[in-house]
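Nothing in this text is a laboratory measurement; each read-out follows from the coordinates by a stated rule. A quick note: this is a predicted structure, and the numbers were derived from the prediction, not measured. Ideal geometry is used to build each Cβ from the backbone, glycine not excepted, and the neighbour counts take in all protein chains shown.
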Amino acid sequence: MIPVRPRRRLLALVPAAALALGLTACGSSGPSAAPSTDPAAALDTPTTLTFWTWAPGLDKTVALFEQKYPKIKVNIVNAGQSATEYTKLQTAIKAGTGGPDVAQIEYFALPEFALSKRLVNLKDFGAAALEPKFTASAWSQVAVADGVWAVPQDTGPMAMFYNKKLFDELKLEPPKTWAEFEQVAVKIKESDPKRFITSIDPGDAGGLDSLMWQAGSRPFQQKDATTVAVNLQDAGAKKTADLWTSLLSRKLVDPAPGWTNEWWQGMGSGQYAMWLTGAWAPGNIASTIPDTAKDWRAAPMPQWTAGDNVSAENGGSAVAVPSTSKNKAAAAAFAIWLNSDPQAVRSLNENGLFPATTELLKDPAFLDKPLTSLGGQPANQVFAASSAAVGKGWQYLPYQVYANSVFKDTVGQALGAGTDVNAGLTAWQKRITDYGTQQGFKVTTP
């Protein structure tokens, strides 16, 4: 059984037309986000909230909320994952009915809803005061254009998950730099032509985004309400593209779709020696390849310069209140409690969500907890250090959902064929630029 994808990498499976949410630079719809009642009073008023989320196990955390605030009933609805939910949410907001009071939205999709006035500005309900509770990288994704449009729920600081049993057999150490990564890749291929150091998914924009982020690239910038910048030829993007072009051309990396039965079999059999991904991965490793999960460990991401300590995010979501909610104050209060209350945050983490809150990331009990899914390694230490080292300044476009949907037709073609990834990035930039211009944005490029 293939697990739910924490990265929500389903965009390549949905037609681009279904993903284009129709959010133009000047467009807006839905009622005002201004508060109508006090959140504290709202929590003491009989109310039923509808919460759209695809994350498993949230019923346990919601039960804690209902126990503390018995006058509030929260109905959890799985309206689909990632783009499927976003299309339904867009339709409901335009219609003004049928939508949720609270919705899970990934960071990459959040600006698309926030900048078009389709979400409540949670500053109106005191959410700005939450900033010290969250990591800088998580908060920067919800605080957009002078507003706070959601409460961070989980993050995905990157780590290098590697098959320790295989590494020990080959007398290899986890690479500390990308130069060492390339050397290790050669040795793994020499040990068995069918082996790869890792895979890269030609349909997953988020995977390459994270690698470029860690390399210092900042390809997407929101300049103002109507102007964005796209630069997929900056130094970080180029050195990332050069490295992976080299790896792919020598068949040291497998350009394979992730999360398929075949891919998981490759993970379990030793065909893939490592997985570069977010801190949410241990639970998936344990549940999907249980027979070999004990062989896996986590290590910091390779660095471009020896001695550096730079990381990036790979995945993560926030919880927002759509502008059409009839219970804005109660919905805002629920979103805040769900993702900042210490009891709630621990409950979310027990259900596999890596915390966005600094309090839990500094808790010795959390940091020192042996993860049975990684052979007893206290891997949260690796993940927390990665979270603290996430590079600053990353942004997403206000039409990132569309941009990600055409990744497979541009960069993905180069990845799959093992040709120049730089050319794929150039093609992706053109598609992104043309679409943004059509939607009424001024798009600047180098």
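Evaluated on segment 273-407, the Kirkwood hydrodynamic radius is 17.2 Å, with distances taken between all distinct Cα atoms.
Dividing the alpha-carbon Rg of the chain by 2.2 N^0.38 Å yields what? Let's see the in-between values first.
Details: Rg = 21.4 Å, N = 446, 2.2 N^0.38 = 22.3 Å.
For the chain, the normalised Cα radius of gyration comes out at 0.96.
Each residue of segment 349-365 is assigned a 3J(HN,Hα), and the resulting list reads 5, 4, 9, x, 8, 6, x, 9, 8, 5, 4, 5, 5, 9, 6, x, 5 Hz, derived from the Karplus form 6.51 cos²θ - 1.76 cosθ + 1.60 (θ = phi - 60°), x at Gly and Pro. Projected onto the charge dipole of the chain (+1 at Lys/Arg Cβ, -1 at Asp/Glu Cβ, origin at the Cα centre), which of Ala281, Val77, Ala293 gives the Cα projection farthest towards the positive end? Value computed over the given set: Val77.
Just how large is the dipole of the chain about the Cα centre, in debye to the nearest 20, putting +1 at every Lys and Arg Cβ and -1 at every Asp and Glu Cβ?
Values: 40 positive and 39 negative charges, 81 e Å.
It comes to approximately 380 debye.
Listed by chain and number, the aspartates and glutamates whose alpha-carbon sits under 19 Å from that of Lys408, ignoring those within fewer than 8 places in the same chain, are Asp201, Asp204, Asp209, Asp242, Asp254, Asp420, Asp434. Note on segment 237-286: Kirkwood radius taken over Cα pairs, Stokes-Einstein applied at 10 °C and 1.306 mPa s, translational D equal to 128 µm² s⁻¹. Mean sequence separation of contacting Cα pairs (under 8 Å, at least six apart), scaled by the length of segment 125-212, corresponds to a relative contact order of 12 percent. Percent of C-alpha pairs per 10 Å bin in segment 48-138, short distances first: 14, 41, 40, 5. Relative to the globular-protein estimate of 2.2 N^0.38 Å, the Cα radius of gyration of segment 138-248 stands at 1.36.
Which pairs in the list Lys94/Lys223; Lys176/Lys442; Lys189/Lys239; Lys68/Lys88 are over 29 Å apart, alpha-carbon to alpha-carbon?
Details: Lys94/Lys223 26 Å; Lys176/Lys442 41 Å; Lys189/Lys239 23 Å; Lys68/Lys88 31 Å.
Beyond 29 Å: Lys176/Lys442; Lys68/Lys88.
Report the residue, chosen from Phe407, Phe366, Phe334, that carries the largest GNM mean-square fluctuation when the chain is represented by alpha-carbon nodes joined by springs under 10 Å. Among Phe407, Phe366, Phe334, the largest GNM mean-square fluctuation belongs to Phe366.
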